[in-house]
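Take a look at the structure set out below.
Bear in mind that the values in this text are calculations on the coordinates, not laboratory data. Note that the structure is predicted; figures quoted are calculated from it, not measured. Cβ atoms come from the backbone with ideal geometry, glycine included; neighbour counts cover every protein chain shown.
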Amino acid sequence: MATAFIVKDDGKFCRDRGGPMTRLRDGAFCENTTTKGSQEDAKDDCEALGRERRRFCEHCGEAVRLGETVCPDSKCGNTAYRS
């Protein structure tokens, strides 16, 4: 079973897996499996990564370098959420 966690702020993509978040009334969840979803890094365990440890941009889903808090994608360029 995949790990699911509530994401603070208004992230649209999972910082750990790069796939779209699942929106529910109580918040957004990062649900990932190796057989379901459109995440970039398909794994069954998903970590709730902070802004300095994120692997993907929560605004557009593009990959980012470790520690980078501004998305390098020229179409996005957004700063990571604080939480």
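Figures for the structure shown
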| quantity | calculated |
| --- | --- |
| Karplus (6.51, -1.76, 1.60) ³J(HN,Hα), θ = phi - 60°, over the range 68-82, in Hz, Gly and Pro reported as x | 7, 9, 10, 5, x, 5, 5, 7, 9, x, 7, 7, 5, 5, 5 |
| Packing-based order for 56-67, 71-82, using average beta carbon neighbours within 10 Å, highest first | 56-67, 71-82 |
